[in-house]
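Input: a single structure, listed below in structure tokens.
The values are calculated or read from the model by the stated rules, or taken from the named source; none is laboratory data. None of these values were measured; they are calculated from a predicted model. With ideal geometry, Cβ positions are generated from the backbone for all residues, glycine too; neighbour counts draw on all protein chains shown.
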Amino acid sequence: MMHTHAKGKNANGATPSNSITGPRMGSVYQKILQNAQKNPGQVFVVIDPPDHTPEQVKEIAAAADRAGVHAFAVGGSLGAQGKILDDCITAIKSVSKKPIILFPGNIATLSPHADAVYFMSLFNSTDPYYISGAQVAAAYPVSKMKIETIGTAYLVYEPGQAVGWVGNAKLLPRNIPYLGAVNALAAQMLGMQMIILESGSGAPTCVPPECIGAVRKMVHLPIVVAGGVRTPEDVARCIGAGADIVHVGTSIVNAANGSMAKAEKLMKELVHAAQKAGKAR
């Protein structure tokens, strides 16, 4: 006997879509692309909530906003979750209208107050959980929170620091640029929207220009360099080699602990270096 269903309903009782569409591009990602096309030299300040009180976050964010940074990346550690995370984002929003992108250290680094999330796959992990398992676990909560997702391939280079250890990464060698480049190319072919090249928070140096340049030749996606970026010279090398965005965090925190005026001055210098290098490309 043929079963019939109510008009407009499928076998599960859901209303089927009348059309199939590709991935939607959110407003934060659109802004990143627009900035990358106009001037590929953006600075995102990383703020890890457990490291700061809301008052300290507000001071750093206000200084960063005045310095002209392009966005805030919030998270990075296992403790960036719950009220601590929400309070951090609220503090930033009280002094800046710049986009706030979640930079997850685990699947609990989610907040409906954020503008977007790096929906990351630790692409060179040896553990399936960090490649796709955590993403499956986080997908439904992210959809319910209506956070814009930016599909991101997270490539961890030597020395890797804590993120390499926690994520069981098969660290990409700094002296073989091609290996990172083909990983990035595979990510692009799988539909990722961004590539993060990470040395690890607190790394002594950032990803080498040769590695950045090799990735740039392979992909047309926005490239972020994170870990070990401390000085205007570091920023200029990264952007000059082909990166569109640099993450800075540790250097700002160190400067802020001594003097907020020094931190703001450093951020202005980093932004200037990024934009100058971007225009020269």
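Annotations
- Members of the stretch 174-188 that are buried (at least 19 other Cβ atoms within 10 Å of the Cβ) and closer than 23 Å to G26 by Cβ: A184, A187
- Each residue in the stretch 55-71 was checked for being of a type outside the set (D, E) and either surrounded by fewer than 19 Cβ atoms within 10 Å (Cβ to Cβ) or within 21 Å of Y29 (Cβ to Cβ) (or both), and 8 pass.
- Just one of the numbered conditions (1) buried (at least 16 other Cβ atoms within 10 Å of the Cβ); (2) without any contact (Cβ under 8 Å) to a residue 40 or more places away in the chain; (3) not aromatic (F, W, Y) is not true of G133: (1).
To keep it simple, each residue is scored yes or no on (1) buried (at least 18 other Cβ atoms within 10 Å of the Cβ); (2) in contact with a Pro (Cβ under 6 Å, 6 or more places away or on another chain); (3) more than 20 Å from A36 (Cβ to Cβ); (4) not hydroxyl-bearing (S, T, Y).
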| position | (1), (2), (3), (4) |
| --- | --- |
| L190 | no, no, yes, yes |
| V215 | yes, no, no, yes |
| H220 | no, no, no, yes |
| E233 | no, no, yes, yes |
| A236 | yes, no, no, yes |
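- Filter pass, R174 being at pLDDT 95 or above and closer than 17 Å to G278 by Cβ: no
- The criterion of at least 2 residues that are touching a residue at least 40 places away in the same chain (Cβ under 8 Å) and touching a Leu at 6+ places or on another chain (Cβ under 6 Å) is met, among strands (runs of 3 or more DSSP E) falling completely within the stretch 188-281, by 194-198.
- Long-range neighbours under 6 Å by Cβ, at least six apart or interchain, first residue touching a residue at least 60 places away in the same chain (Cβ under 8 Å) and farther than 23 Å from G180 by Cα within the stretch 108-123, second surrounded by 23 or more Cβ atoms within 10 Å (Cβ to Cβ) and not polar (S, T, N, Q): D115/I100; A116/I101
- When Q34 is tested against (1) touching a residue at least 12 places away in the same chain (Cβ under 8 Å); (2) under 17 Å from the mean Cα position of the chain (by Cα), just one condition goes unmet, and that condition is (1).
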